[in-house]
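Beneath this line is the structure, given in structure tokens, with notes to follow.
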Amino acid sequence: MGFLAALEFLTVIPSPLRREATPMEIGRSLVYFPLIGLGLGGALYGLDRLFALFLPMALGSVLIIVALILLTGANHLDGFIDTCDGMAAGRSPQQRLEIMHDSRAGGFGVVGACSLLLVKSISLIFVPAAFRMAALLLMPTLSRWAIVYAVFAYPSARREGIGQIFKEQANWQSMTIATLIALAISVLLMKLLGLALMAGIWLVAIIMAIFLKRRLGGLTGDTYGAINEVIEVLVLILVPLIYGGYL
């Protein structure tokens, strides 16, 4: 049930569950976040190979980013937009949370989303063909692991909402299993260089989470989405850099 709950939460793929997941099932779903990310990465890599048959790499790369947005229902991107609005416009933690809770996108959020998608697309365009499989598989895998880390390690800013449900159910067991899964996938794809990639991802996740916690008094579902989006970009940048530094 935890896997199906993770699938329903992280993608637009309909779950065979004909009811809402219980809080316990939602909590257990954290373990499967890296695996769902790996599945998304597999779909993106399949599209990459397909597009390479008849499209220029630049256009194919942009379409892959669009496909990721569609597969996830823009869920994490929406959180990034709300977080940009709250961080830029709010003067106090409470005001920032209220702005982020507003369903309307502000100017800062729109600019932030456009900048994010531009950097993400260009980063993928410049990933060499030899490294594209690792980059596309690890981009959604490690970004979803970063969500698990943020949920587990930092307090929730709200006492209601999906973010609080995840926080209440997060524990050492789910964090450890999710980390081992992410580590195994990283090492399988990049050998020991995968450890360097995860270390870099973890450091940035820590910095982002601490910053957001200080500005909001804790983390929310929107900030989990923002962390996910930034880590996706970071993976696309770091994979060729790490490979290039050791080849």
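Rule-based calculations on the coordinates, nothing more; no lab input. The structure presented is a predicted model; accordingly, all values stated were derived computationally and were not measured. Positions of Cβ are backbone-derived with ideal geometry, glycine not excepted, and every protein chain shown enters the neighbour counts.
Rounded to the nearest 20 debye, the dipole magnitude of region 56-163 is 200 debye, with +1 charges on Lys and Arg beta carbons, -1 on Asp and Glu beta carbons, and the Cα centre as origin. If only the Cβ of Lys and Arg carry +1 and only the Cβ of Asp and Glu carry -1, the dipole of the chain around its Cα centre is close to 340 debye. Taking 0.36 nm per residue of sequence separation and removing the Cα-Cα distance, the residue 119/residue 50 pair yields an extension gain of 22.5 nm. Every Cα-Cα pair in the chain was counted, and those over 27 Å apart are 33% of them. Sorting 102, 82 by the number of Cβ atoms found within 10 Å of their own Cβ, with the fewest placed first, yields 102, 82. Arranged from fewest to most other beta-carbon atoms within 10 Å of their beta carbon, 83, 72 become 72, 83. Residues of the chain were split at every exposed loop site, defined as trypsin sites (Lys or Arg not before Pro) in a DSSP loop with at most 16 other C-beta atoms within 10 angstrom, and the longest piece left, sites excluded, is 20-90. In terms of other Cβ atoms within 10 Å, 145, 202 run from fewest to most in the order 202, 145.
In region 45-106, the alpha-carbon atoms span a convex hull of 92 Å³ per residue. For residue 219, nonlocal amide neighbours, meaning residues 5 or more places apart or on other chains whose placed amide H falls under 5 Å from its own, are 156, 157.
Taking the square roots of five times each eigenvalue of the Cα gyration tensor of region 1-129, the equivalent ellipsoid has semi-axes of 28, 25, 11 Å, listed largest first. Using only the C-alpha atoms, the convex hull of region 151-247 corresponds to 90 Å³ per residue.
The long axis of helix 75-89 is offset from the longest Cα principal axis of the chain by roughly 60 degrees. Counting only Cα atoms, region 124-181 measures 45, 22, 14 Å along its principal axes, largest extent leading. Between residue 111 and residue 153, the FRET efficiency estimated from the beta carbon spacing at R0 = 25 angstrom works out to 0.30.
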